1. Using the Cα centre of region 39-88 as the reference point, and only Cβ charges (+1 on K/R, -1 on D/E), how large is the resulting charge dipole? Debye, rounded to the nearest 20.
2. With a Förster radius of 30 Å, plug the Cβ-Cβ distance of Arg45 and Ser16 into 1/(1 + (r/R0)^6) and report the FRET value to the nearest 0.05.
3. So what is the relative contact order for the chain, in percent, with contacts set as C-alpha pairs under 8 Å and at least six apart?
4. From the P(r) of the chain, can you give the percent of Cα pairs sitting at distances over 16 Å?
5. Computed on alpha carbon atoms, what radius of gyration and Dmax characterise region 27-79, expressed in Å?
6. Could you work out the relative contact order of region 39-88? I mean the mean sequence separation of Cα pairs under 8 Å and 6+ apart, divided by the number of residues, in percent.
Amino acid sequence: MNETYPEDLVRHVAASTGLSEATATRVVADVNAYFSETVEAYVRRRHAELKDKNWKNDEIWPLLAAELGARSFGAPELTERQLRRMVYG
């Protein structure tokens, strides 16, 4: 078992889902990674995902701004310029 996560949390996830402790550890790690993502990392990742689906930047920036408001990190409202700077520097 991965010692970076509390044993009682892993046991709880395993018991409540019927997963093995090894699988529960991976689930806890995935959830932790999801909630640990920074605003900049999220913007860069989502921008790349949407570009791979042939979205145009004019469609991407408003979507990213809306998605950020619903994320757990509670990002402040960002302008398109701020979003572009996160992606392109």
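1. Working: 10 positive and 8 negative charges, 34 e Å.
Roughly 160 debye, rounded to the nearest 20.
2. Details: r = 29 Å, r/R0 = 0.98.
Computed FRET efficiency for Arg45 and Ser16: 0.55.
3. Working: 54 pairs, mean separation 20.7, N = 89.
Averaging sequence separation for qualifying contacts and normalising by length gives 23 percent for the chain.
4. On the way: 2348 of 3916 pairs.
Value for the chain: 60 percent of Cα pairs lie more than 16 Å apart.
5. In order Rg, Dmax, the Cα atoms of region 27-79 give 11.8, 36 Å.
6. On the way: 31 pairs, mean separation 22.8, N = 50.
Dividing the mean separation by the residue count of region 39-88 yields 46 percent.
Throughout, read-outs are computed from the coordinates displayed, never taken from laboratory work. This is a predicted model, so every value here is computed, not measured. Methodologically, a virtual Cβ is constructed for each residue, glycine included, from the backbone with ideal geometry; neighbour enumeration extends over all protein chains shown.
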